[in-house]
Every structure is written in structure tokens, then in C-alpha cells.
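Let me give you the structure first, and then I'll get to my questions.
The values are calculated or read from the model by the stated rules, or taken from the named source; none is laboratory data. Remember, predicted model here, so these are calculated numbers, not experimental data. Cβ coordinates were reconstructed from backbone atoms using ideal geometry, including for glycine residues, and neighbour counts include every protein chain displayed.
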Amino acid sequence: MKKAMAIVLSVLLLAVVVSACGKGNNESASSAPASSAPASSAAASPSSDPAQDISGTITFLTNRTDMIDKEYVDYAKRFNEKYPNAHVEFEAVTDLDKTTKVRLSSGEYPDVVLIPTIPNSDLPKYFAPLDDLGLNDKIYFKDYKSFDGKLYGISAGATTTGIVYNKKAFADAGITSVPKTLDEFYAAAEKLKQKGIVPLASNFKDQWPLYPWASEVAIAISGDANLTNERLNSDTPYTLDNPYGKSLQIIRTLYEKGYLEPDVNSTNWEQSKKDIASGKFAMYMLGNWVIPQVIGAGTTSDNVGFFPLPYDNSGKTNALLAPDWGYGVNKNSEHAETAKAFVKWMLEDSGFDNFAGFIPVLKDRKPEMAQLSEFNGYNPTMIEGAIDSEDTTAVVNKAQIVKEAMVQDFVLAKDPQKVLDQYNKKWADAKKALGK
């Protein structure tokens, strides 16, 4: 197991962004102590104690709605203990990428944000360099949110994607070992269905949990880290017989065979975690970040397992290694140094890595989650995901392609080929308009 984990850590270099989680309503919470005096916007005078120079109240925009009024309260308290003149407040939103882009375009965005999907060349427009934190040589994904030799964002952690499962549900259905082939995976799903257990929670209506089927699984099938960028070489990047089509056909098959929720249009993210924890649902196809949330929803760690998705019948699997959202500091923040101190504190002192189930982004730290050891024990080949090029990002944005919406359209379509034709046309038209 130690050898397998070492392999995982050795390939953490750079990757694409994936992940996110949330619940129904936007929420915000102030975590500065009620008795504290209002923070001054004036810069503090230098002192012999650097901690005294970190001052003011900052706001962090996050997608972790489930941590509002809970863990974030503790984070704010501990950050204030280290920096007595500083306070942090938290604002949580569900549609992080869209919301943050709107806020950036308006010029009104918080001191610390999770950087949305914008070209790296745009980073200097909005964010302050983080090179002065002294972390450049200590982190993985150093080039993930960098431009022109400067570091503008640091990943909150690293993830890999696979099948998170309830071990008791598997045992109750008579499944004695995890499936190693796609046929075995479908057979296990059928056993679960016959036992009255929903085989896989897709959270179809919420849309965002469908992301692996449009990116991670396709990259794993292809074995090509640069698959997303290679779409630029074609006017028809989505076909039934290429990695994208093969991935989409797996979830469509799960839907057609009744292996997803009985009504995919009335799913609920927060409830699904409880259903996985209780064994009412058996599996997720998501990143390792969801494992602590399932445990927190009402089960024990030893009841939750994690294995690579067997996307074909070869008995061998690839798995993508990717960074999570990257912390960025508003270049116009009145308390930029405090915001930077908070980013460093989140990485070094908060404990968010373990809480979120991440592989730490700091090179000298090892993941503590047992499920990652199980995952690595199945010997997947880890693929270092590539950053989307600026040309790829430009075409995606011009075409207004939402990959999770494509999954929904494909699964529900009477003729899935027509769905691919529609997205290929969007892609080709955008390429032509941009001269790519």
C-alpha cells in the first residue's frame, strides 16, 4: 500500500480542474467573533511580531455550503488566534464557477476566491501573485494557475475519481469483490437493483456531479492526458466510438437498465450523501473528496470503499489525477496580505486536506485517508492531467458548451447521435469564429 501511495504522489505534477460540491441555497456566514471591534481598513504599522501586521476583515468565497456555521466557524476562530488583528468571513455559493465569473466581470468580488475557469492569461487582471508566500517549490501543480512566470493560484488539494461505495450494501447484495471489468460492474449493479438498493447515485438533476462522464472517464479510457486539448484538431470531437462517446454510453446504459435513481429529475445532493451512508444507494462516481462527506452523513469510515471505474473488459484501468479549485487573492483587496496569509493558513494549518479527503498539495504531506490506499491497491495507471490550453478554453466558452449538460442531453435523448451532432456543430462553429 505504501508503494502504491508513493506512486500516486510521484505523479502529482499538473492537472485539469474538476470538482465541486454543494446544496440548494446560497448561504453566507460571518465568523468574526461578535465581541470583536470593527476592523480598520488602514494598513497596520510594522511591528516586531509579523502576526500583528496581518489585520482587517476578509471574505472567502467558497463552494462548501455544507461547512457554513460548522467547520468554517472553527477555522475563523483558529485563524484569529494566529492573527489577533485579522478576521475571516465566509460566503458559500452552489454554482461557484458561474457566480465567480459574474463577480469578476463586475469588479466586485471577495478577498479570496476559488479561481473559476478563465484563461491563465487573464489571471493578472484579477489576482495578486502568490510567489511571496514561499510555497512555489513546496507544492504540486505549481503551473496550474500561473502565467508569465508568476503564481496566481494554489490548488486546495488533489483528487482522483472513481467509485465510492457502501461496503455493507455490496455485502447485502451478495457482491463479494469489487468489479474489475465493465461487465462485472453491470452485473454488480443488477444484484444491487434486485436487492432493492439503488446501484448508483448520479444526482442527475443537480447536473454538476455528472462531470466525470464528460471528462475524467473519457481521459481514462483514452489514456491521453491531453485529450481535452486535442479536440482542437477536429471539428467533430464527440463521436460514439471515441473516448467521449464510450464514456457517455456507460452512464446511458446505467440509466436505461434502471441502475440510477428511480426519478433522475428529482434528485438531491445533500440527501444522496445520507442515502449512500445508509446503504439505500450503493455507489457514487465521484472524486475522493466526497468520501469524508459520506462518512459525515451517517456511517463509519470502514464501511466506505473506493475503487477505479472499470470502463471496459480489459481488467486494467487508468485514473486521472487532478487539482481541485485553486485559491486566488483579489489584486484590489484592501487587505491583500491578510488574504494571502489566509491562503497559506488554509494549506498549512487548517486541516482542510483531511476534512475534504484530499491528497495534500504540499509535497511533504501524505494523505491519511484509508480509502486512497484501497484505491491504489487495485493498481490503476495514474494519468497526469494536462491544463486546458487558452485556445481550448476560448473555444469552449465561445461554443457555450457545458459538459455536464451534454451528459444530461445524451442520456435522455431518443437519438444520442443527434446530441453529439449538435455539440459538434457548436464546437466547429466556435472554432471557425475564433480562427482556430
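Would you confirm, using the coordinates I've provided, whether K273 is of a type in the set (D, E, K, R), in the same structural domain as A171 (by TED's automatic domain parsing), within 23 Å of the chain's Cα centre (by Cα) and part of a loop (DSSP other than H, G, I, E, B)?
no
Something else about it: Tally up the residues in the range 306-358 that are in a helix (DSSP H, G or I) and not polar (S, T, N, Q), please.
Number of matching residues: 16.
If you don't mind, there's one more thing I want to ask. Somewhere in the range 403-423, is a residue closer than 30 Å to G56 by Cα and part of a helix (DSSP H, G or I)?
Looking for residues that are closer than 30 Å to G56 by Cα and part of a helix (DSSP H, G or I), one finds none in the range 403-423, hence no.
Here's another thing I want to ask about it. Scanning the range 315-352 for residues that are among the charged types (D, E, K, R) and either touching a His at 6+ places or on another chain (Cβ under 7 Å) or surrounded by fewer than 23 Cβ atoms within 10 Å (Cβ to Cβ) (or both), which turns out farthest from I163 (Cα to Cα)?
This residue is E334.
Scan V73, V88 and give me the residue that is more than 30 Å from T392 (Cα to Cα), crowded, with 22+ Cβ neighbours inside 10 Å and either in contact with a helix residue (DSSP H, G or I) (Cβ under 9 Å, 6 or more places away or on another chain) or not assigned by TED's automatic domain parsing to the domain that holds P209 (or both).
V88
Can we say E230 is acidic (D, E), over 19 Å from the mean Cα position of the chain (by Cα), under 25 Å from T267 (Cβ atoms) and in the same structural domain as I387 (by TED's automatic domain parsing)?
no
Hey, can you tell me all the residues within the range 353-368 that are buried (at least 22 other Cβ atoms within 10 Å of the Cβ) and either outside the structural domain of A86 (by TED's automatic domain parsing) or of a type in the set (A, V, I, L, M, F, W, C) (or both)?
A356, F358, I359, V361
Listed residues K150, K138; which is farther than 20 Å from N330 by Cα and among the charged types (D, E, K, R)?
Answer to the selection: K138.
Another question, then. In the range 104-144, how many are without any contact (Cβ under 8 Å) to a residue 40 or more places away in the chain, outside any loop (DSSP other than H, G, I, E, B) and closer than 23 Å to D353 by Cβ?
1
If the Cβ limit is 6 Å and pairs must be 6+ apart or interchain, which residue in the range 189-210 that is not assigned by TED's automatic domain parsing to the domain that holds F410 pairs with which residue that is small (G, A, S)?
none
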